[in-house]
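Report on one structure; see the data block that follows.
A short reminder: the numbers here are calculations on the coordinates, not readings from a lab. Just so it is clear, the model here is predicted, and its values are computed rather than measured. Counting neighbours? That spans all protein chains shown, and the Cβs are built from the backbone with ideal geometry, glycine included.
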Ligand code: PRT
Ligand code: ZN
């Protein structure tokens, strides 16, 4: 039985999402003790227990309320959710890692059209997402469910097409396949249970989610300081990426000259700095932001 005075979050034990899931919680200020191969760990400075499980089990843990929170790929969550008539958890943040796409792949060089799937066999580990894709297009095909090594199915004569996760595409290519159509785009998300949660615990969950949103916002954000002349201010404000109303302060002893300060909530590239300079900015500083609460 889990301790109901503490929050519980399910994260992947070992795999593509585990390091970044741990880093995110660390970034939210949680000190976590516990060996890498433990099943649970306790945050020392927040009433939170971590449960390390297989990614496929995370939807069940959160849906059943065993864990109030979970970090998991949307592909796994949506495949699970399609098995139920009503929602069992809700997404509270997109985390910006674990990006991949579930794609239909066909033999390399085939002049593919969606209609060609009709009556064919499609191998996949995501039968419900694949079925939804086919149903939305009015196509009937036979779905062959495989737990892994889906990319081998065509070579083994099990299926003509596959529907598999792709990030770089190298795995498909190595097996003579090419991605031809996207079924579902995915990234890691933070979800919370829709089971009732005691008010005190719900408050803690909200506090943790606020911190996590702060970490995500901070990751891309930069603080920009620059000098500008009065006539260049409007153009500079337009170029600053994702910045709302910048702070403009007159420079002492230099009439018509200003210091401009802004939080940019999008990546700041060299090209952006070049544009700012061309618009009349000088002494441009770009600084990382350590913490942010929105
Ligand atoms: O042990 P456990 O069940 O927890 O882990 P797992 O082996 O089921 O999952 P894991 O760790 O491989 O992936 C966890 C999650 O990472 C997935 O559910 C996705 O949300 C996300 N993710 C991101 C990926 C990929 N990228 C990815 N490339 N998951 C799998 N792949 C595989 C894909 O299945 C294929 O075999 O990588 C291969 C393709 O990669 P490319 O780069 O060759 O295209
Ligand atoms: Zn898995």
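Some points to look at:
- Taking only the C-alpha atoms of the stretch 212-293, the Rg (one decimal) and the largest Cα-Cα distance, Dmax (whole number), read 12.9, 43 Å.
- Of 78, 140, 231, the residue with the greatest mean-square motion in the GNM of the chain, using alpha carbon springs below 10 Å, is 231.
- Taking every Cα-Cα distance in the chain and sorting them into 5 Å bins from zero, the calculated P(r) comes out as 1, 5, 10, 12, 11, 10, 10, 10, 10, 9, 6, 3, 2, 1, 0, 0 percent.
- Between 45, 75, 213, the Gaussian network model of the chain with springs among Cα atoms under 10 angstrom shows the greatest mean-square fluctuation at 45.
- Rounded to 10°, Cα long-axis angle of helix 127-136 versus longest principal axis of the chain: 80 degrees
- Separation of the residue 158 and residue 85 label points, Cα + 7 Å toward Cβ, nm: 3.3 nm
- Residues 184, 269 arranged by fewest to most Cβ contacts within 10 Å: 269, 184
- Compared with the direct C-alpha span, the chain from residue 23 to residue 239 gains 74.6 nm at full extension, assuming 0.36 nm per residue.
- Beta bridge orientation in the stretch 100-185: antiparallel %, DSSP, nearest 5: 65 percent
- Take the Cβ atoms of residue 290 and residue 254, set R0 to 41 Å, and the FRET efficiency comes out at 0.85.
- Each Cα pair under 8 Å and six or more residues apart adds its separation to the average, and for the chain the resulting relative contact order is 19 percent.
- Residue among 176, 29, 256 with the largest mean-square fluctuation in a Gaussian network model of the chain, springs linking Cα atoms under 10 Å: 256
- Helix 199-220 and the longest principal axis of the C-alpha atoms of the chain enclose an angle of approximately 70°.
- A helix-only calculation puts the chain at -7500 deg cm²/dmol for mean residue ellipticity at 222 nm, using -39500 (n - 2.57) for each DSSP H run of at least four residues, averaged over all residues.
- Zone of residue 201's modelled label, taken as backbone nitrogen in the stretch 48-70 under 16 Å from a point 7 Å along Cα→Cβ: 48-51, 60-70
- Here the stretch 100-185 yields Rg over Rh of 0.91, to two decimals, using C-alpha coordinates and the Kirkwood radius.
- Least to most buried among 13, 103 (fewest other Cβ within 10 Å first): 13, 103
- Fully extending the segment from residue 135 to residue 174 would add 11.1 nm, taking 0.36 nm per residue of separation and subtracting the current Cα-Cα distance.
- FRET efficiency for residue 185 and residue 266, using Cβ-Cβ distance with R0 set to 22 Å, rounded to 0.05: 0.65
- Folded to 0 to 90 degrees: helix 18-27 orientation relative to the chain principal axis, Cα: 30 degrees
- Quarter of Cα convex hull surface for the stretch 21-93, i.e. mean projection, nm²: 5.1 nm²
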